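Data block below; observations after.
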Amino acid sequence: MKTCIKCKKSYLLSNFRKDKHRKDGLQDYCKGCRGAMDKKLRDKGKKYLKKNFMTMEPSGRNMLHSGYMIVRFKNAYMLEHRFIMARHLGRWLESWEQIHHKNRDTGDNRIENLLLVSESLHDESSHHKGVITNLRKKIKELEEKIKILNLSKHH
């Protein structure tokens, strides 16, 4: 059992996020309190970004495990491709608007590689591209089999 320093309630250790820098290997806040604090910070950061994004410059960029790039500002983070498209359009993007990477390289955030689409169109487009990729693989496999069959006929 461990007590959260914010709400002062005792919880099982599984109710605390890991933190390798702490002596016990766990954060001091329970998951509920930490989540509420994180949400408050994200909301504050979103308001700041929304108000100032046309004039501000990122102070850094990092790659997420998913391959997407994020840009860091004074007190907020944003996906780089959304930032670039918003700047290009001169307006903040709506939450339902998606940015599609034309060449499917999530690290390539050049404006000519980005396409603004609706969420449903993006999902459909990604699905179709996946189907097309699988069909191309099958065609290659079949072409290889045909080559092998043609070679065996001649021998």
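Data overview
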| quantity | calculated |
| --- | --- |
| Footprinting exposure proxy for HIS101, HIS81, HIS65, HIS88 (fewest neighbouring C-beta atoms within 10 Å first) | HIS65, HIS88, HIS101, HIS81 |
| Ranking of MET56, MET78 by count of other Cβ atoms within 10 Å, fewest first | MET56, MET78 |
| Contact order normalised by residue count of segment 12-108, Cα under 8 Å, 6+ apart, percent | 17 |
| Rounded to 10°, Cα long-axis angle of helix 119-154 versus longest principal axis of the chain | 40 |
| 3J(HN,Hα) from dihedral phi, segment 7-12, Karplus parametrisation 6.51/-1.76/1.60, rounded to Hz, x for glycine, proline | 8, 6, 9, 8, 9, 5 |
| Förster radius 41 Å - calculated FRET efficiency between LEU64 and GLU143, Cβ distance, rounded to 0.05 | 0.65 |
| Backbone HN-Hα couplings from phi across segment 57-71 [Karplus 6.51/-1.76/1.60, Hz, Gly and Pro as x] | 10, x, 9, x, 9, 9, 9, 7, 4, 6, x, 6, 8, 10, 10 |
| Loop-located chymotrypsin sites (Phe, Trp or Tyr not before Pro) in segment 31-120, at most 10 other Cβ atoms within 10 Å (DSSP) | TRP96 |
| Loop-located GluC sites (Glu not before Pro) in segment 41-109, at most 16 other Cβ atoms within 10 Å (DSSP) | GLU94 |
| Sum of -39500 (n - 2.57) over DSSP H runs of 4+, divided by residues of the chain (222 nm, nearest 500) | -15500 deg cm²/dmol |
| For segment 32-69 versus segment 1-26, the gap between their alpha-carbon centres in whole angstrom | 25 |
| C-alpha long axis of helix 80-89 to longest principal axis of the chain, angle in ° | 90 |
| The chain: C-alpha gyration tensor shape, a/c 1.5 cut-off, then a/b vs b/c | oblate |
| Point-to-point label distance, THR3-SER118, nm (Cα→Cβ direction, 7 Å offset) | 5.4 |
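Any read-out appearing in this document is the output of simple, stated calculations on the displayed coordinates, not a laboratory observation. Quantities reported herein were computed from a predicted structural model and do not represent experimental measurements. All Cβ positions, glycine included, derive from the backbone under ideal geometry; neighbour counts span all protein chains shown.
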